[in-house]
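The values are calculated or read from the model by the stated rules, or taken from the named source; none is laboratory data. All values reported here derive from a predicted model rather than from experimental measurement. Please note: Cβ atoms are built from the backbone with ideal geometry, for glycine as well, and neighbour counts cover all protein chains shown. We work out accessible area using only protein heavy atoms, side chains counted, and drop any ligands, DNA or RNA first. Shrake-Rupley method; radii C 1.70, N 1.55, O 1.52, S 1.80 Å.
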Amino acid sequence: MKLSHDQLADMYHRMWLIRYFEESARSLFQENMIRGTTHMYTGEEAVAVGACAALNRDDYITSTHRGHGHCLAKGGDPRRMMAELLGKVTGYCKGKGGSMHIADLDLGILGANGIVGGGIGIATGAAYSADLRGSGQVAVCFFGDGASNQGILMEAANMAALWKLPIIYLCEENQYAEFSPSKPFIAVERIEVKAQAFGLAGVTVDGNDVLAVYEAVRRAVERARGGDGPTLLVAQTYRLEGHTVGDPLTYRPKEEADEWKSAERDPISRFGRYLTGEGGFSEKELETLRQKAQAEIDEAIKFAIDSPEPEIAALWEDVTA
Amino acid sequence: MAVRQLRYREALNEALHEEMARDPSVCVLGEDVGRYGGPFQVTRGLFDRYGEKRVRDTPISEEGFVGIAVGAAMTGLRPVAEILYIDFSTLAMDQIVNQAAKARYMFGGKARVPLVIRTQGGGGRGNAAQHSQSLEMWYVHVPGLVVVQPATPYDAKGLLKSAIRDDNPVIFIEHKLLYNTTGPVPDEEYLIPIGIADVKRPGNDVTIVATSRMVLFALKAAEELARQGIEAEVIDPRTLKPLDVDTIVRSVEKTGRLVVVNEGHLTGGFTAEVAARVQREAFDWLDAPIMQVATEDVPLPYNGRLELEAIPNEQDIINAALEIVYRD
Ligand SMILES: Cc1ncc(C[n+]2csc(CCOP(=O)(O)OP(=O)(O)O)c2C)c(N)n1
Ligand SMILES: [Mg+2]
């Protein structure tokens, strides 16, 4: 399906938003303004943005520990996200969740997750709920290639297939899981073939091509909404940064990352080339979109820094309903 | 006896190297424990020395590899499985609680499950609700399991070696904020028996029982109390189950006062267990209510100020002690 000029512009803008958000998160982490750990989505922007472009505002997603990109792609507010990273009361979770737990239930974002595979059941449950309520919503479950080895995938996907639930299991094959390449830990060459065992439709897509991701997710969503059941969609991409900020990356060749960093492969550069060619955008338009994203992130940082910390009393709030 | 200063992580690493060299049935499984040497570098060098069959890098499949470790333990191996955060041990709960812990009793004493599950817990690093828990009490509750929680490099090494030689499933819980702490470790081989507490500091006025990182806070609190003329005896049970109640009771007989400190939550926690045991066995010696210092009954928050408030610290221990020594 053809995307409008505005839609394409929005996607390009969001990819930059993610890129700048992550770069800022890294600097803030290095300046000790972010605690714990932060996982960067840099280089995988096309997956989240392509997928969420095929979703409605009320559709659901579940995210991962590497979740900033999913949240921004689904329409999350960078100011409230950045405030959360800084533990501020204006953050999405009032400063109590941090980088790994951002959620915006009003936008169907059912949370980032600190547990690898932790979103798989929840996304399937959201699809069950949508089906039972007859709401027409779908759920997209983002998870990693490493997470594809968690047992819950087999259990949940089987039920999703049995019950023809409106869900897309979107595996981000970024080629690494923590401090190891992911391939030596998956017994099949292509993750997609797991779909067959689970009774899902299986599709593999170039995860650095935002339009290819969009098209694949759009089709899977169509299937899902039409009652034709779930899809396992594998988006092949690359984790440009370390597992966390500060990862010395001793376990992978620098040349490999450099190659993926090249303009030829970088998902934003690739999309930019499409937009100025076939897409009919001018360089100036793209530059304006990039600058807009940068300004929004700068503004988000300022907002976060200027925001107050939670009161101590907040510690005991929201434990139970 | 020659003694070196070692980090907690290095002491654990030495224990693994020594036990793997000593006994070919010892094997190691877990995520990134092999080629990478472990996310906390505790398994460093094992892969190169003992090869990929004895040091298995696993996929992210906690239930699977813990189950494999249980089966391997029942059939002649002594596996040491690493679960990166104790929070993720929940994914392997069936294998630990229903399988490993039960096999021996359920099968009429025939099975042996010489398994160690190494993991780490605790907060204080801004890792938020799913990476900061202190779930030791869940395992203390289960008959058939041994639960060990070392606070110093010396204890870590000696207890890990004993845990590996033990014929029971041992939940061996390290602390993420202890890995870089240093302490004396002898050159010579030594073992620390499971089930024996250690008096970390003698004193006559109040007994402080503390576990894991809380031992460090308790020792600091004791220094401050000493400046105020109160001599605290600090006891680290080191093994939470079986618990060395005798050492604690003997101390309480001397001091008449007890503060129990543990990083788990207050409700249904380890402090309650110790308090219950001591009031029964040392009731006549107690001169004051037993004080519990534990983590607030809330999930661990990300924000630093809130997290500090949630987890016990030196001052909380001092306050608890002062409250029951009745001095002005
Ligand atoms: C249940 C569980 N096991 C282990 C971890 C530690 N851990 C965090 S991220 C990660 C790697 C995940 O790899 P993948 O699913 O490929 O996602 P990616 O980081 O590549 O986005 C691991 C092992 C965890 N958070 N949860
Ligand atoms: Mg991955």
**Prompt:** Per 10 Å bin, what is the whole-percent P(r) computed from every C-alpha pair distance within the stretch A:77-208?
**Reply:** 12, 36, 33, 16, 2
**Asked** Given a Förster radius of 60 Å and the C-beta distance between B:Met106 and A:Met33 as r, what FRET efficiency does 1/(1 + (r/R0)^6) yield to the nearest 0.05?
**Response** 0.70
**Item:** Threshold 10 Å², the stretch B:273-316 residues less accessible with all protein chains present than alone (1.4 Å probe)
**Value:** B:Glu296, B:Asp297, B:Val298, B:Pro299, B:Pro301, B:Tyr302, B:Asn303, B:Gly304, B:Arg305, B:Leu306, B:Glu309
**Asked** What whole number of Å gives the distance from the Cα centroid of the stretch B:309-328 to the Cα centroid of the stretch B:63-104?
**Response** 38 Å
**Complete:** Taking only the alpha-carbon positions of the stretch B:198-325 as identical scatterers, the Debye log10 I(q)/I(0) at q = 0.18, 0.19 Å⁻¹ comes out as -0.88, -0.98
**Message:** Let me confirm one metric for peptide B:34-41, namely the mean number of other chain beta-carbon atoms within 10 Å of its residues' beta-carbons.
**Reply:** 2
**Request:** Sort all Cα-Cα distances of chain B into consecutive 10 angstrom bins from zero, then give the percent of pairs in each bin up to the one containing the longest distance.
**Result:** 6, 27, 34, 23, 9, 1, 0
**Request:** Report B:Met74's accessible area, 1.4 Å probe, all protein chains in place, as a number in Å² to the nearest 10.
**Result:** 90 Å²
**Prompt:** Which three extents, in whole angstrom, do the alpha-carbon atoms of the stretch B:30-183 cover along their principal axes, largest first?
**Reply:** 44, 35, 30
**Message:** List residues of the stretch B:166-206, by number, whose backbone nitrogen lies under 18 Å from a label position 7 Å along Cα→C-beta of B:Val245.
**Reply:** B:195-198
**Item:** Label-to-label distance, nm, for residues given as A:Glu287 and B:His141 (7 Å Cα→Cβ offset)
**Value:** 6.4 nm
**Request:** May I ask you to give the percent of accessible area on the stretch B:217-263 that is carbon plus sulfur, with a probe radius of 1.4 Å?
**Result:** 44 percent
**Asked** So what is the accessible area of the stretch B:1-72 per residue, in Å², with the probe set to 1.4 Å?
**Response** 42 Å²
**Prompt:** At a 1.4 Å probe, what is the % contribution of carbon and sulfur to the accessible area of the stretch A:5-310?
**Reply:** 51 percent
**Message:** Taking each pair of distinct Cα atoms in the stretch A:69-127 once, what is the resulting Kirkwood hydrodynamic radius in Å?
**Reply:** 11.5 Å
**Item:** At q = 0.20, 0.23 Å⁻¹, base-10 log of I(q)/I(0) for the stretch B:110-180 (Debye sum, equal scatterers on each alpha carbon)
**Value:** -0.85, -1.03
**Item:** Under-5 Å amide H pairs with B:Ile196, H placed in peptide plane, nonlocal only
**Value:** B:Thr239
**Request:** Please sort A:285-294, A:165-174, A:53-62, A:92-101 by packing, taking for each peptide the average over its residues of neighbouring beta carbons within 10 angstrom, highest first.
**Result:** A:165-174, A:92-101, A:53-62, A:285-294
**Asked** In whole angstrom, how far apart do the alpha carbon centroids of the stretch A:61-121 and the stretch A:251-304 sit?
**Response** 22 Å
**Message:** Give me the one-decimal Kirkwood hydrodynamic radius in Å for the stretch B:1-96, with the sum taken over alpha-carbon pairs.
**Reply:** 13.7 Å
**Listed residue pairs exceeding 31 Å between alpha carbons, taken from B:Lys176/B:Lys220; A:Lys88/A:Lys164; B:Lys161/B:Lys200** = A:Lys88/A:Lys164
**Request:** Could you work out the per residue convex hull volume over the alpha carbons of the stretch A:7-94, in cubic angstrom?
**Result:** 91 Å³
**Item:** Peptides B:192-204, B:121-133 ordered by average Cβ neighbours within 10 Å, highest first
**Value:** B:121-133, B:192-204
**Request:** Specify the residue with the greatest mean-square fluctuation among A:Gly144, A:Gly76, A:Gly280, computed from a Gaussian network of chain A linking alpha-carbon atoms under 10 Å apart.
**Result:** A:Gly280
**Message:** Per-residue Cβ counts within 10 Å, from other chains only, averaged over A:147-156: what number is that?
**Reply:** 3
**Prompt:** How high is the relative contact order of the stretch A:5-310, given as a whole-number percent (alpha carbon pairs under 8 Å, six or more residues apart)?
**Reply:** 25 percent
**Per residue solvent-accessible surface (Å²) - chain A, probe of 1.4 Å** = 40 Å²
**Request:** Name the residues whose placed amide hydrogens come within less than 5 Å of the amide hydrogen of B:Gln133, ignoring near sequence neighbours (fewer than 5 apart) on the same chain.
**Result:** B:Asp87, B:Gly122
**Fill in**
Inter-chain shielding metric for A:18-26, i.e. average beta-carbon neighbours from other chains within 10 angstrom, reads 0
**Item:** Rg/Rg_globular for the stretch B:247-322, with Rg_globular taken as 2.2 N^0.38 Å and Rg from C-alpha atoms
**Value:** 1.20
**Request:** Find how many whole Å separate the alpha carbon centroid of the stretch B:222-258 from the alpha carbon centroid of the stretch B:32-56.
**Result:** 38 Å
**Prompt:** Top mean-square fluctuation among A:Gly75, A:Gly151, A:Gly279, Gaussian network model of chain A, C-alpha springs under 10 Å?
**Reply:** A:Gly151
**Message:** Rg and Dmax in Å for the stretch B:45-122, alpha carbons only: what are they?
**Reply:** 13.0, 40
**Message:** Given a 1.4 Å probe, show me the residues in the stretch A:303-321 buried by at least 20 Å² of accessible surface when comparing the whole protein assembly to the chain alone.
**Reply:** A:Glu309, A:Pro310, A:Ile312, A:Leu315, A:Trp316, A:Val319
**Complete:** Here D for the protein assembly as shown, in µm²/s, from Stokes-Einstein with a Kirkwood Rh over Cα pairs at 4 °C and 1.567 mPa s, works out to 49 µm²/s
**Request:** Over the residues of chain A, compute the C-alpha Rg and express it relative to 2.2 N^0.38 Å.
**Result:** 0.96
**Asked** Chains A and B: what accessible area do they bury, summed, in square angstrom to the nearest 100, with a 1.4 Å probe?
**Response** 2900 Å²
**Asked** Ignoring ligands and nucleic acids, what accessible area does B:Glu14 show with a 1.4 Å probe (Å², nearest 10)?
**Response** 50 Å²
**Request:** Could you do me a favour and compute the accessible area per residue for the stretch B:150-288, 1.4 Å probe, result in Å²?
**Result:** 35 Å²
**Prompt:** Accessible surface of A:Ser180 in the full protein assembly, 1.4 angstrom probe, to the nearest 10 Å²?
**Reply:** 10 Å²
